[in-house]
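Each reported figure results from applying straightforward, stated rules to the coordinates on display, with no laboratory input. Model, not experiment: these values are computed from the prediction. Cβ atoms come from the backbone with ideal geometry, glycine included; neighbour counts cover every protein chain shown.
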Amino acid sequence: MTSNFAFLKQLYNAFDPFRPLPAGDPAYVDCTDVRGDGDILEAVGKEILYSDRKTCQLYAGHRGAGKSTELLRLQKDLDENGFFVVYFAADEADIDPEDVQYTDILLACTRNILTAFKDRTDSQAVLNWLKERCEDLKDLLQTKISIDELSIEAQVSQFAKITTKIRSEPSERRKIRDLINPHTTTLTEALNEFIRDAKKIFLQDITN
């Protein structure tokens, strides 16, 4: 009985639909023929690879259908084709999927993009945005912030505090949104500038 239970438990967890498979995992099964979907590398990846303009794709499906597994395959393919991919599951650390707004997603994107590039650029774009929000953020985070001395890693920490409050403290969620909402346009502009700065260094590293 014990051995049967152990086997069934192992089998059950081997097919856990909420644990995405990393790219190249031998347990991956291509279900395209029966699921009817196009291969993500063709349907989404080719548009990203070939397009001269910025693209935006929505990849949707039922919970547990394998979206994250497919996105990890796409990440690997794009990495191998010279792209720098920032992949993150926002609902794991940054947002409450039962109560989410655009502001929450923008803050999550900011934190994760800063994290991905923290060792690759010293861009001041997002830091300058933080400086303009300094006093409000001090009250919000209930901590002293020496903005002029914030490294990118320290900036990540500040955004992590904000997204943690959004995710775990419903009472603070509205306060944060009310504070950030009027400044989402300028944060988006700052983040895009940060990405452009990081991209320049990334391309220099490739060509050198």
- Note on the structure: Taking the alpha-carbon centre of each part, the distance from region 31-52 to region 54-95 in Å is 13
- Sequence neighbours fewer than 8 away in the same chain don't count; with that in mind, list the aspartates and glutamates whose C-alpha is under 20 Å from Lys200. Asp52, Asp79, Glu80, Asp119, Asp122, Glu153, Glu189
- Along principal axes, largest first, the alpha-carbon spread of region 2-80 in whole Å comes out as 59, 25, 19
- Task: Over the chain, consider all pairs of different Cα atoms and compute the Kirkwood hydrodynamic radius from their mean reciprocal separation; express it in Å, one decimal.
- Result: 19.7
- What ranking do Val29, Val126, Val100, Val44 get, fewest neighbouring Cβ atoms within 10 angstrom at the top? Val29, Val100, Val44, Val126
- Note on the structure: Rg (one decimal) and Dmax (whole number) from the Cα set of region 91-207, in Å, equal 14.1, 49
- Message: How high is the relative contact order of region 33-105? Use alpha-carbon pairs under 8 Å, at least six apart in sequence, and give a whole percent.
- Response: 24
- Query: How large is the charge dipole for the chain, taken about the Cα centre, if only the Cβ atoms of Lys, Arg (+1) and Asp, Glu (-1) carry charge, to the nearest 20 debye?
  - Reply: 300
- Relative contact order of the chain, pairs being alpha-carbon contacts under 8 Å that are 6 or more residues apart, as %: 20
